[in-house]
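Contents: one structure, followed by commentary.
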Amino acid sequence: MLLQAAKCIGAGLATIGLAGAGAGIGTVFGSLVLGISRNPKLKDELFKMAILGFALTEAIALFALMIAFLILFAL
């Protein structure tokens, strides 16, 4: 019973990284909008960089989610 409670607390703490990833994705696309509004000619280049930033930020979120599932189901 105590082990199950510890697993739930650990998994909950591991999902805190998901909130950070959500903020990071918002920052990436907010910066994309600002960059395009300042220099519309660079739209294609800025969009490529934004997609790369999105992918890297989303990878961090997936790692956090994977750790939470490992804590819940593998230990």
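The values are calculated or read from the model by the stated rules, or taken from the named source; none is laboratory data. Note that the structure is a prediction, hence the values are computed from the model and not measured. Reconstructed Cβ throughout: ideal geometry from the backbone, glycine too, with neighbour counts over all protein chains shown. Just the protein is used for accessible areas: all its heavy atoms, side chains included, with ligands, DNA and RNA removed. Shrake-Rupley method; radii C 1.70, N 1.55, O 1.52, S 1.80 Å.
When G35 is tested against (1) at pLDDT below 95; (2) in contact with a helix residue (DSSP H, G or I) (Cβ under 8 Å, 6 or more places away or on another chain); (3) not aromatic (F, W, Y), just one condition goes unmet, and that condition is (1).
On the stretch given as segment 24-40, residues that are open to solvent by less than 50 Å² (accessible area, probe 1.4 Å), without any contact (Cβ under 8 Å) to a residue 12 or more places away in the chain and closer than 19 Å to L62 by Cα total 1.
Consider only pairs whose beta carbons are under 6 Å apart and that are at least six residues apart or on different chains; among these, list those whose first residue lies in segment 8-23 and is in contact (Cβ under 8 Å) with a residue 24 or more places away in the chain and whose second residue is among the hydroxyl-bearing types (S, T, Y) and assigned to a helix (DSSP H, G or I). Correct list of pairs: A21/T57.
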